[in-house]
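Heads up, the thing below is written out as structure tokens.
The values are calculated or read from the model by the stated rules, or taken from the named source; none is laboratory data. Just so it is clear, the structure is predicted and the values come from calculations on it, not from any experiment. In this analysis, Cβ positions are derived from the backbone assuming ideal geometry, glycine residues included, and neighbour counts consider all displayed protein chains. We work out accessible area using only protein heavy atoms, side chains counted, and drop any ligands, DNA or RNA first. Shrake-Rupley method; radii C 1.70, N 1.55, O 1.52, S 1.80 Å.
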Number of protein chains: 2
Amino acid sequence: MKDDRKSALYLAITEAVMEEIKANQIEVVQEESLLRVPVSISARHVHLEKVHADILFGKEYEFQKHRDISQPGQYACVEQVTIVGPKSSIERVRIVAPLRRQTQVEVSRTDAIKLGIQPPVRHSGDVAGSAPITIIGPKGKIHLKEGCIIADRHIHMSPADANTFGVANHQKVQVEVDGEKAGVMGNVTIRVSERYALDMHIDTDDANAFAIKGTEYLTLIK
Amino acid sequence: MKDDRKSALYLAITEAVMEEIKANQIEVVQEESLLRVPVSISARHVHLEKVHADILFGKEYEFQKHRDISQPGQYACVEQVTIVGPKSSIERVRIVAPLRRQTQVEVSRTDAIKLGIQPPVRHSGDVAGSAPITIIGPKGKIHLKEGCIIADRHIHMSPADANTFGVANHQKVQVEVDGEKAGVMGNVTIRVSERYALDMHIDTDDANAFAIKGTEYLTLIK
């Protein structure tokens, strides 16, 4: 083959390959940006219903904001309680406001072993038949026959986010984590509501097992 | 087609299909049994070198066996120490015998956060530049400038096991976990020695994040 013909052929091949690479790169970048989800770490905390707030903190007590959390209108309070199991207790557990329909204590499995209880892994709000626990506040004490859960791994998102991600409410997905404690978290529940901001919630056990600091973006796998 | 010829043909097809199913079933069963690994949970513990054992427990102290652990010749001792970091301390941390060339403290990330230290994720024995920690025993106290690590996820196996699994010493593999906290543990190091019994070792953070009790068989993925 003559040199100029060879060059023309090489050029044509090179251009075709470059086009291909460019097309693929754009696709890859788009896909990645679509499937990345910010993550927040939920430490053990307590949601209170009105009657229990009255007992633990006094009638019509007004809780003070410590800091906002990732979901609009929700905040961790300055106020803390002690939670007590048959084996031991854990002090300085924050209240998360506003008040809810039903009191709920969320702990990690590490906490549960320390307390000597066996809470089920549940969605927030699904406390029927969950573990018993005692809560001690500055003004009083309550014993819950049920109400302590290990929160499931879940991703909050708006309907618009769900549409963008191509997932549905209650769908189970997997989430991939990079780094020295890399891996995949399975059984992650999608939770869709107009009230939700895009954020994955994991407990401190998942955070520590996967060496997650809470500032990362993780990759959703359907 | 006459009925007897039809029957003969059906019989031949059925037999062929059955043979195929049988062959595949046997293969599937063998593959599963090959890739299953028992798992043990390592709680925080301390390996001591002679000079440190002398300081913490007195000269020529003889450690008593509390219980055997999964690796031949190694055992958790009756004796316990307190480990101290800048933020807090953890009592009743078991010594694992026999004595080693170099003192090493193994904690989970949950422990590390409580203690206020930042140990690296390392293979056992690789303590250069790891986190400082103080150990208090019944007879004395030592401060290590380095020696505290978070042990990496690893699988002990014999050369024969490595051959059966088709993996090599130091190879990184993934391990799949089923159940309500299902997922995949990445960066799992294969450790091959004639002295090793087949067993995966994970810390309490991994155990609690994946809801592993320590009696399961997990699935190795290459």
Filter segment A:169-187 down to residues that are facing chain B (nearest Cβ under 8 Å) and open to solvent by 50 Å² or more (accessible area, probe 1.4 Å) and give me whichever is farthest from A:S42 (Cα to Cα). A:E180
Exactly one of B:I142, B:I190 is within 22 Å of B:P72 (Cα to Cα) and at pLDDT 95 or above, and that residue is B:I190
Checking A:V37 against (1) open to solvent by less than 40 Å² (accessible area, probe 1.4 Å); (2) at pLDDT below 90: exactly one of these is not met. Which one? (2)
Counted residues in segment A:49-78 being part of a strand (DSSP E or B) and either of a type in the set (S, T, N, Q) or in contact (Cβ under 8 Å) with a residue 24 or more places away in the chain (or both) come to 3
Which count do you get for residues in segment A:137-156 that are in a strand (DSSP E or B), in contact (Cβ under 8 Å) with a residue 60 or more places away in the chain and either within 24 Å of A:L218 (Cβ to Cβ) or open to solvent by 20 Å² or more (accessible area, probe 1.4 Å) (or both)? 4
Given (1) more than 14 Å from chain B (Cβ to nearest Cβ); (2) at negative phi; (3) of a type outside the set (D, E, K, R), A:G166 misses just (2)
Listed by first then second residue, the pairs whose first member lies in segment B:207-222 and is in the same structural domain as B:E180 (by TED's automatic domain parsing), whose partner is among the basic types (K, R), with beta carbons under 6 Å and at least 6 positions apart or on separate chains, are B:N208/A:R109; B:F210/B:K181; B:A211/B:K181; B:Y217/B:R36
Go through segment A:188-220 and count every residue that is over 18 Å from A:S158 (Cα atoms), small (G, A, S) and more than 9 Å from every other protein chain (Cβ to nearest Cβ). 1
Checked against (1) open to solvent by 20 Å² or more (accessible area, probe 1.4 Å); (2) touching a Phe, Trp or Tyr at 6+ places or on another chain (Cβ under 9 Å), B:L220 satisfies every condition except (1)
Any chance you could count how many residues in segment A:189-211 are under 22 Å from B:I202 (Cβ atoms), open to solvent by 10 Å² or more (accessible area, probe 1.4 Å) and assigned to a loop (DSSP other than H, G, I, E, B)? 1
Filtering segment B:47-88 down to residues that are surrounded by 15 or more Cβ atoms within 10 Å (Cβ to Cβ) and among the aliphatic types (A, V, I, L, M) yields B:L48, B:A53, B:I55, B:L56, B:I69, B:A76, B:V81, B:I83, B:V84
Can you pull out the residues in segment A:44-101 that are within 26 Å of B:K114 (Cβ to Cβ), of a type in the set (A, V, I, L, M) and under 19 Å from the mean Cα position of the chain (by Cα)? A:V46, A:I69, A:A76, A:V93, A:I95, A:V96
